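Right, one structure below, let's go through it.
The values are calculated or read from the model by the stated rules, or taken from the named source; none is laboratory data. All of these numbers come straight from a predicted model, not from anything done at the bench. Cβ placement follows ideal geometry from the backbone for every residue including glycine, while neighbour counts extend to all protein chains displayed. Quick note on the areas: whole protein, heavy atoms, side chains included, nothing else; ligands and nucleic acids left out. Shrake-Rupley method; radii C 1.70, N 1.55, O 1.52, S 1.80 Å.
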There are 2 protein chains.
Amino acid sequence: MNSRRDFIKRTSIAGAGLAFAPNISFGFNPFKGEKLKLAFIGVGLRGTNHLNNAIRRNDTEITAICDIDSDRVDIALKLLEKDGRKKPQVFGKNEMDYLNLLASKEVDAVIISTPWLWHTKMAVAAMEAGKFTGVEVSASQTIEECWDLVNTHERTGTHMMLLENVNFRRDVMAVLNMVKQDVFGELLHFRCGYQHDLRGVKFNDGNSAYGPGVEFGDKGISESKWRTKHSVFRNADTYPTHGVGPIAAMCDINRGNRFGTITSHATKAVGLHKYVVDKGGESHPNTKVKFKQGDIITSTIETANQETIIITHDTNSPRPYSLGFRVQGVNGLWEVDGNRIYVEGKSEPHHWDDATEWIKKYDHPVWKEYEAKATGAGHGGMDYFVMQSFVEAAMANVAPPIDAYDAAAWSAITPLSEISIENNGEPQEFPDFTRGQWIARKPYDWMTTHYGK
Amino acid sequence: MNSRRDFIKRTSIAGAGLAFAPNISFGFNPFKGEKLKLAFIGVGLRGTNHLNNAIRRNDTEITAICDIDSDRVDIALKLLEKDGRKKPQVFGKNEMDYLNLLASKEVDAVIISTPWLWHTKMAVAAMEAGKFTGVEVSASQTIEECWDLVNTHERTGTHMMLLENVNFRRDVMAVLNMVKQDVFGELLHFRCGYQHDLRGVKFNDGNSAYGPGVEFGDKGISESKWRTKHSVFRNADTYPTHGVGPIAAMCDINRGNRFGTITSHATKAVGLHKYVVDKGGESHPNTKVKFKQGDIITSTIETANQETIIITHDTNSPRPYSLGFRVQGVNGLWEVDGNRIYVEGKSEPHHWDDATEWIKKYDHPVWKEYEAKATGAGHGGMDYFVMQSFVEAAMANVAPPIDAYDAAAWSAITPLSEISIENNGEPQEFPDFTRGQWIARKPYDWMTTHYGK
């Protein structure tokens, strides 16, 4: 049974049909009794984390890795060797060598954890090559790139998954469970965002990723090498998916609902400059850099079903971490800040419940089942389920929980927020990446414990 | 010394000069050794609260009251009698009788606590009559009404104060103190709103204000008689000032800063209908009422100084009360939800401080001085300071802390949010109610303990 070659052919032939009925597989599992031949493009900090989670599983074979940084390749190879894994093919002799990896018949699926500007072009090439594709957040930087993901998926019939881990966070999944069980009633309003002091990520000394220093770009290391430029050049919510992903799952975006319009507003941009001055001194050359990104960016989305979603981007100021979730319906609401829930008829009138007991009561079945395995997988265990859902969906060749349409709609927040901010908060329409199919597409079965169906 | 007659003449003559240098008094206090002759238009629940606070002071004389509801008049008269006060003139034989009250020479200052639709016309008439004017929130319902307040103030030289009590809340004033002492550094972002389940206020059985029942309008009593109509006819943030007032004080709106643009978004309107069905049954006539006001309304303001302010209106759903304050600068932030503060260099990195100690440390001087007197004044004591600032400013004939420009700018949120919602979140420009003077006007000295300077 030459399932590997079939895999490519089948997904190419499937084409548009797959796209419109994305949860339907072909009725047989080409990987039965086999392992998923998995490749990694990018084995920096994030890619290595994924690699780690892949080798914790006995249904994967790591057949190829690619990175232009040979130090990172060495780390990955040692990791595999230590686990007793076969040595994979290695790519990375130049920036385009990933195309050679994608040409390999020894690869069924690929995980892309590279700087943002590579995400879409690599995901597109991977789908073109018929590889079941996982791509890190954010997927796309422009509206055209969002369409590239969708159109490539539809043209090739190859699936892709956006590897948004927060959708699998334990409290988030418990609240999703509450939503699906109608605890909050008809949904009204959501809040979320990325509120994370990244100053120590956007700058370092070129030697250690999260160390001191105010260098970035060529003189920086790790994320500061590429991420910080987005703060220099773009006044936009450049990192929306950790916040909006879980909310989109709760209100069935692209599956009976969709993002309608967005307005965005930015504050002044002073935090990064201040950091450079405070840490690097008045005479440091980076004090001359003009950072365009407002320190706090507020976006509000109206959905087709008349809910609103406030999304915050807040990464240039000192503050404790919070994704700032609120989920509110006609019966009550959950707020992650303060860890509190109120449900009419259940909570004491006008008084918050501590959310802990609620979260425990509505613990998602997948967490109950795999809790022991998830522990230690990174980011509180949620990274385990990112890999689980990706591998299971890839082996069954079915649409993953977070697909090309989701990647496009969520990522579109970056360019749309940018245009809105430039135009004083003018509302921007989301493209309908489903080409009208959102009214027909069924909600993803997020209550599943098996993503390969 | 016939100071009473002079009071009217002086304020009329002062005219434009006063308006442009509103914190400068005439260097003498016409009320020295005398009592402020205070009148009340509207002695419903809110007016009676003000009346109570006025008679707790020994610098006031209650010379007139006006209400078309004779039951409320009786309650007020009994209150005054019990306190050993002289019987005031009584008005209220019809809806226009307040004009006769305003014609009385026995009135220096007037407090207006009537249904919203009366606020501006009564405040305008009061200023025309030369009475130092206090008006309850919200002041105005349309942009034209906002201008009426400002133009009347400027033409007559009479001062008015918006009686926003939350500006005097103890924690709010402590945070204001922190802002003025630069604890948070340059300001970036604010959140606030009115998140208060008002379903039991918007509806009752016509017998008791906060009791059961799903009646409103002619069949309702107290606020349900007039307030609920605003939810029927207007999809707008109809009650913005409790939230935005304290924020406006912190960021010096109309005094070196101003509101620039606003975008607003409403969710579907389902909560009030659901309440009527749940409490009144499917066949109750009010189930046929179409409520226009979205259950949760989100507005974002950009200020001239490039801060952003998120304002929430959330009164039609079950939830515990919160004004949802956040005050954020380049050094840190305060959040009322969760009662927490983070200040870089003071707090343990990446960890919230419980705000309690901070709030205590930065307790506002006026609270320290008058804590004992404020206790029991209503709404946690803040109503005491509303009356204190009003009476002191009136006796000195100087601009109160919250003046006609503030009343106009804050109230403008209602009609501007309405237009923005109607137009899919299109940004609306705030009129500059100061006619450009905001760049010259000095910040109000909110750190004072005496408002008559």
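Numerical summary
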item: Index of the failed condition, B:Gly260 passing every other in (1) outside any helix (DSSP H, G or I); (2) away from chain A (no Cβ under 14 Å); result: (2)
item: Pairs, first assigned by TED's automatic domain parsing to the domain that holds A:His265 and without any contact (Cβ under 8 Å) to a residue 40 or more places away in the chain in region A:232-243, second of a type in the set (Gly, Ala, Ser) and open to solvent by 20 Å² or more (accessible area, probe 1.4 Å), C-beta under 7 Å, six or more apart; result: none
item: Filter pass, B:Asp295 being within 7 Å of chain A (Cβ to nearest Cβ), touching a Leu at 6+ places or on another chain (Cβ under 6 Å) and of a type outside the set (A, V, I, L, M); result: yes
item: Of all residues making up region B:420-434, the number that are more than 22 Å from the chain's Cα centre (by Cα), of a type outside the set (D, E, K, R) and open to solvent by 10 Å² or more (accessible area, probe 1.4 Å); result: 5
item: Which listed residue, of A:Asn177, A:Asn167, A:Asn207, is on the phi < 0 side of the Ramachandran plot and either among the small types (Gly, Ala, Ser) or open to solvent by 20 Å² or more (accessible area, probe 1.4 Å) (or both); result: A:Asn207
item: Every residue from region B:109-146 that is in a helix (DSSP H, G or I), in contact with a helix residue (DSSP H, G or I) (Cβ under 8 Å, 6 or more places away or on another chain) and either on the phi > 0 side of the Ramachandran plot or aliphatic (A, V, I, L, M) (or both); result: B:Met122, B:Ala123, B:Val124, B:Ala125, B:Ala126, B:Met127, B:Ile143
item: Residues being in a loop (DSSP other than H, G, I, E, B), in contact (Cβ under 8 Å) with a residue 24 or more places away in the chain and within 14 Å of chain B (Cβ to nearest Cβ) - total across region A:421-453; result: 4
item: Residues that are among the small types (Gly, Ala, Ser), surrounded by fewer than 23 Cβ atoms within 10 Å (Cβ to Cβ) and either in a loop (DSSP other than H, G, I, E, B) or modelled with pLDDT under 95 (or both), drawn from region B:274-304; result: B:Gly281, B:Ser283, B:Ala304
item: Residue selected from region B:263-292 under the condition small (Gly, Ala, Ser) and within 22 Å of A:Thr308 (Cβ to Cβ), by the criterion nearest to the other protein chains (Cβ to nearest Cβ); result: B:Gly271
item: A:Gly280 being touching a residue at least 40 places away in the same chain (Cβ under 8 Å) and at positive phi; result: no
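A quick yes/no check of all residues on (1) at pLDDT 95 or above; (2) under 29 Å from B:Ser231 (Cβ atoms); (3) not assigned by TED's automatic domain parsing to the domain that holds B:Asn286:
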| site | (1), (2), (3) |
| --- | --- |
| B:Asn151 | yes, no, yes |
| B:Met160 | yes, yes, yes |
| B:Met173 | yes, no, no |
| B:Glu186 | yes, no, no |
| B:Arg191 | yes, yes, no |
| B:Tyr194 | yes, yes, no |
| B:Phe203 | yes, yes, no |
| B:Tyr210 | no, yes, no |
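Residue-wise test of (1) surrounded by 20 or more Cβ atoms within 10 Å (Cβ to Cβ); (2) under 26 Å from A:Arg191 (Cβ atoms).
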site	(1), (2)
B:Gly211	no, no
B:Gly217	no, no
B:His230	yes, yes
B:Ala236	yes, yes
B:Val244	yes, yes
B:Asp252	yes, no
B:Arg258	yes, no
